[in-house]
Amino acid sequence: MSLRDEIEAVLRAWNAYEVERGGSPIVDFDCFPDGPEPEPAPDRLTVYRRLMELRSAAEGVLASRLDADLAYLGALLGEHIPPADYVRATQGCGTAGWSDDYVAERFEQARGALADLGIGWGSDTNAELRQAEGLLDVGEAPHAIRQAAHELEPLIREATGSTAPYTLTVETAEIDAYWAYWLDGAGQHVRLRLNLPNVEFTQVGARQFALHEVLGHGLQSASLAARAAGEDIPWVRLLSIHAPQQVMLEGLAQAWPLFVLPEDKVLIARVRLTHYTQLVLGQVHLALNDGVPVIDCADHLRACVPWWSDKTIAGYLADRGTNPVHRSYMWAYPAGFDWFAALAEADAKVSREVLNAAYREPLTPTDLTTLWPAGPPIGGPGGTVRLRKPPVP
């Protein structure tokens, strides 16, 4: 058995253990579902010891994957390593963050896109943008997403060169969690779950859903699986959100409209707004994990995004400050989004090379930097940040 196959066997056993006890799965997309079905691991510490043994023989992509698994499993076991080291080990990028000046630039970009639609900045901004997006009933969402995916699929295939087939299942859930939608699956089979309490359906949102989840994560994962089925690839064929391909997966999924629908003013306004809010969340992610009082972080979010409720803000803070997987995984959103937003403004030859590579293998931040050395630092260049206070009512 190859070292890669040994690693996959341990990860499958760990995944089976977590699922059996009602925990979160370790594997989010299985790119080689024909692999052997394992017995659940007896406990987390046994998994940790076995991963350490395998790490001593690993190099390159296998070593970086094992570093991520060990860091995340260590956190589940109670280990507290410095936040920057934890993100570096799991997501594979730095945590320098983004300065107030840079975030202000992206704010002005978002505000300008909103102003072009006649939408001002304030507590009603999101509600007004949703109206402009065209409200949809919950029951219309699955059909609208499928229709949007069907219409947009040729654009993504042309941009990436992917010819992989996939099948889509759409399910609904009602879970008290941060996510509004989630995608997982195995091989060519993709499952999209909609978390009804958190989803706000619009016509533009259906296009965004289709690009992010179905044609982003879904087609991308199916494309990786198709390659894994036909070649003896070197990377671990089990995708996990605590591993270093996640910056690429979440970054590109969020930025796809910038590449394929740049003339869709309403959708681009939503994308620009999300880019800005992700950068703000990135600032708070660092502050919270650096020991800044939670109320100061909450005040900063309220000042920067005035329509977010205390309930929403509390969820964002808890995810980034207390949850072992989200303290790592949530960093992938601003880090990846900012890099791919910059790529969308770069030379088309460079972006095409990156987009094609992204649907052939699970690129790490190191891989992305190699493909585009002139790109911005993944995880931010650093700079001065001063947490803001909301205006006095």
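Results, tabulated for the structure shown:
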{"item": "Top-ranked residue in region 229-248 [being touching a Phe, Trp or Tyr at 6+ places or on another chain (Cβ under 8 Å) and outside any loop (DSSP other than H, G, I, E, B); ranked as modelled with the lowest pLDDT]", "result": "ALA229"}
{"item": "Contacts under 8 angstrom Cβ, first residue in region 51-66 being over 17 Å from TYR86 (Cβ atoms), partner surrounded by 11 or more Cβ atoms within 10 Å (Cβ to Cβ) and hydroxyl-bearing (Ser, Thr, Tyr), 6 or more apart", "result": "VAL61/THR364"}
{"item": "Region 306-352, residues that are acidic (Asp, Glu) and under 20 Å from ALA253 (Cβ atoms)", "result": "ASP319, ASP338, GLU345"}
{"item": "Set ARG12, ARG21: member being under 21 Å from GLN246 (Cβ atoms) and among the charged types (D, E, K, R)", "result": "ARG12"}
{"item": "Hey, ALA243 in contact (Cβ under 8 Å) with a residue 12 or more places away in the chain, out of contact with any strand residue (DSSP E or B) (no Cβ under 6 Å at 6 or more places or on another chain) and farther than 18 Å from GLY336 by Cα or not", "result": "no"}
{"item": "Every residue from region 115-134 that is out of contact with any Pro (no Cβ under 7 Å at 6 or more places or on another chain) and not in a helix (DSSP H, G or I)", "result": "ASP116, LEU117, GLY118, ILE119, GLY120, TRP121, ASP124, GLY134"}
{"item": "Selection from region 213-224 of residues that are closer than 17 Å to ALA144 by Cβ and either of a type in the set (Phe, Trp, Tyr) or in contact with a strand residue (DSSP E or B) (Cβ under 8 Å, 6 or more places away or on another chain) (or both)", "result": "GLU213, VAL214, GLY218"}
{"item": "GLU133 being crowded, with 19+ Cβ neighbours inside 10 Å, closer than 27 Å to TRP308 by Cβ and at pLDDT 95 or above", "result": "yes"}
{"item": "Tally, over region 261-275, of residues that are closer than 26 Å to PRO362 by Cα and either of a type in the set (Ser, Thr, Tyr) or surrounded by fewer than 20 Cβ atoms within 10 Å (Cβ to Cβ) (or both)", "result": "3"}
{"item": "Filter result (surrounded by fewer than 18 Cβ atoms within 10 Å (Cβ to Cβ) and either in contact with a Ser or Thr (Cβ under 9 Å, 6 or more places away or on another chain) or within 25 Å of GLY375 (Cβ to Cβ) (or both)) within region 303-341", "result": "PRO306, TRP307, VAL325"}
{"item": "Count of region 289-335 residues which are small (Gly, Ala, Ser), in contact with a Leu (Cβ under 8 Å, 6 or more places away or on another chain) and modelled with pLDDT of 95 or more", "result": "2"}
{"item": "Residue under evaluation GLY380, criteria (1) free of Cβ contacts under 8 Å to residues at least 40 places away in the same chain; (2) of a type outside the set (A, V, I, L, M); (3) under 24 Å from ASP296 (Cβ atoms), criterion not met", "result": "(1)"}
{"item": "Yes/no for GLU250 being free of Cβ contacts under 8 Å to residues at least 40 places away in the same chain and either over 20 Å from THR369 (Cα atoms) or out of contact with any Cys (no Cβ under 9 Å at 6 or more places or on another chain) (or both)", "result": "no"}
{"item": "Meets criteria (without any contact (Cβ under 8 Å) to a residue 40 or more places away in the chain and surrounded by fewer than 17 Cβ atoms within 10 Å (Cβ to Cβ)) for LYS389", "result": "no"}
{"item": "Selection status of GLU361, acidic (Asp, Glu), farther than 22 Å from ASP100 by Cβ and surrounded by fewer than 17 Cβ atoms within 10 Å (Cβ to Cβ)", "result": "no"}
{"item": "Any hit, region 38-61, residues being closer than 26 Å to LEU288 by Cβ, under 25 Å from the mean Cα position of the chain (by Cα) and surrounded by 18 or more Cβ atoms within 10 Å (Cβ to Cβ)", "result": "no"}
{"item": "Residue count, region 79-114 (criterion: in a helix (DSSP H, G or I) and either farther than 16 Å from VAL280 by Cα or in contact with a Gly (Cβ under 8 Å, 6 or more places away or on another chain) (or both))", "result": "15"}
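The values are calculated or read from the model by the stated rules, or taken from the named source; none is laboratory data. These figures come from a predicted structure and were not determined experimentally. Cβ: placed from backbone, ideal geometry, glycine included. Neighbour counts: every protein chain shown.
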